[in-house]
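Here's the structure, in structure tokens; my notes come after.
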Amino acid sequence: MTGAGDRVGRALRHAPRALYEDLWNAPVDPLPPQGAPGTPVWHPVLGMLLVLAAPLIAVWHVPDLVAHGAAVPAYAVLLVTLQAMALLAGLWRPLYAWWASLVLMVVGVRIAESVSAPGDPFPWTGADTALQSLALLLLSLRVRPGRSVLALAVTLTAGAVSGLPATQGQNWSMGTGAAVVATAVVIGAALRALRVTRTQLVAQSGLTAEERSRRTLLEERTRIARELHDVVAHHMSVISIQAQVAPHLVENPSDELRENLAGIRENAVEALAELRRVLGVLRSEDTGADGVRHAPQPTLDRLDELTGKVRTAGIHVDTETTGNRRPLAPGVELSAFRIVQEALSNVMRHAPGARARVEIGYHGAAVTVRVANTAPAGPAAPSTGIGHGLLGMRERASMLGGDLSHGQLPGGGWEVVATLPLEDPA
């Protein structure tokens, strides 16, 4: 019991501070810009309706402040004008606008009590109920539900207390008014929850798309690293074997030559072992058969074999090579072949019935790979997931210090153009 009493005591001591934070100092949700993801389409509609409703409710409230048959005093006009302005200010500053509306409501109740006839609704007339409902609705759209409920409790308390010193037998209207303003708070809280959920969903969708793109990029880099591992491992093995055989190709090799060749072989074996240790996990993730996993990586020498397989699949492919054909660095050969392979795969997937053309151009310091296709003869089958095509091709070109571009051709076709250096920058 002592512990419970202490908790209640602490709660009571902190209550004024909590009320100050929730109903005055704590910020409200920022007004989202129009067109931003998750912004409800009814926001501008609500604003226009409020601009029309505020003056009408203010005019409706004037008779409640004036005795029957009397002239409209200036203070009544000032009061309803301030109430309408407070309601409109709720679009931008809902918390302070609610406070202003609450104070003006108390003043209006005391004025109406002195001029109302027996049987009139009191302390809230229909105009009072509408003004408080709209003020609380605007507040509930921009603050968490707990603060909305607290503001509702303060409003009902202020309305009831302001009507207590009544001197005439008016029709007590707080029950109906409480039901109406509570409904406004529930509607506002529900709309805010919908907006927050939609905003979070849009943000989560963006994060999911970004994560999917990052994962796709990492998968493609892993595949490229696996292939380059094969290329480097092959050449390091050749260096090791050549260094081992070289002493037997020279008659009476000197001790210095044997020592140097032995050092070359030892360094090659150590580098190969380190390479396999660092990138071995990439190879272990490959579930293919050993014969496929350890097969030599393809080069442009196998371009005819690749285009032949594509023709077998029903795609007409023309090839053209310009410039002087020359051997390229292993990484460049592999990347050029993979770019052609991926581009032709995209043609088969997304342009059924199209004609394709592969152009390989050898220039002074670069080789150009261009794959173009005509417009498809029919609709493509729906995609079953995210592809690695353009992302992988661009990653290969960028890794070598090259460039890749793609775009639509006149007539509905597409082209992919990659420019790769003749020498591997590594």
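Within the accessible area of the range 313-370, the carbon and sulfur atoms contribute 49%, probe 1.4 Å, all protein chains present. With the whole protein complex present, Val51 retains an accessible surface near 80 Å², based on a 1.4 Å probe. Highest average first, the peptides 207-213, 314-320 ordered by how many other beta carbon atoms sit within 10 Å of their residues are 314-320, 207-213.
Calculated FRET efficiency, Arg302 to Val245, Cβ-Cβ distance, R0 = 30 Å: about 0.60 to the nearest 0.05.
For Ala380 and Leu422, the FRET efficiency from 1/(1 + (r/R0)^6), where r spans their Cβ atoms and R0 equals 35 Å, is about 0.50.
The label-point distance for Ser213 and Leu31, in a model that sets each label 7 Å from Cα toward Cβ, rounds to 3.2 nm.
In the range 54-166, the portion of solvent-accessible area held by carbon and sulfur atoms comes to 77 percent [1.4 Å probe, whole percent, DNA, RNA and ligands not counted]. Distance between the 7 Å Cα→Cβ label points at Arg349 and Gln204: 2.8 nm. When the surface is traced with a 1.4 Å probe over the full set of protein chains, Asp403 keeps roughly 90 Å² accessible. Amide H contacts of His316: Ala356, each under 5 Å away and 5 or more positions distant or on a separate chain (H built 1.01 Å from N in the peptide plane; Pro and chain starts excluded). Calculated accessible area for the range 119-215 comes out at 46 Å² per residue, all protein chains present (probe 1.4 Å; ligands, DNA, RNA ignored).
Heavy-atom accessible area for Trp414, with the other protein chains in place and a 1.4 Å probe, reaches approximately 120 Å².
Under a crude label model (7 Å from the Cα following the beta-carbon direction), how far is Val269 from Thr222 in nanometres? Rounded to a tenth, the inter-label distance reads 3.3 nm. Amide H contacts of Ala366 (H built 1.01 Å from N, in plane; Pro and chain starts excluded): Leu422 sit under 5 Å, all sequence-distant by 5 or more or on other chains.
Neighbours of Thr125 by Cβ distance under 14 Å: Lys/Arg scored +1, Asp/Glu scored -1, total -3.
The peptide list 405-411, 301-307, put in order of mean Cβ contacts within 10 Å with the highest first, becomes 301-307, 405-411.
Less than 5 angstrom separates the built amide H of Thr321 from those of Ile360, all sequence-distant by 5 or more or on a different chain. Using θ = phi - 60° in the Karplus curve 6.51 cos²θ - 1.76 cosθ + 1.60, the 3J(HN,Hα) couplings for the range 111-126 round to 5, 5, 5, 7, 10, 7, 9, x, x, 6, x, 7, x, 9, 8, x Hz; x is entered for Gly and Pro.
The values are calculated or read from the model by the stated rules, or taken from the named source; none is laboratory data. For clarity, every value in this text was computed on a predicted model and none was experimentally measured. As a convention, Cβ positions derive from the backbone with ideal geometry for all residues, glycine included, and neighbour counts pool all protein chains shown. Ligands, DNA and RNA are excluded from the accessible area calculation, which covers all protein heavy atoms including side chains. Shrake-Rupley method; radii C 1.70, N 1.55, O 1.52, S 1.80 Å.
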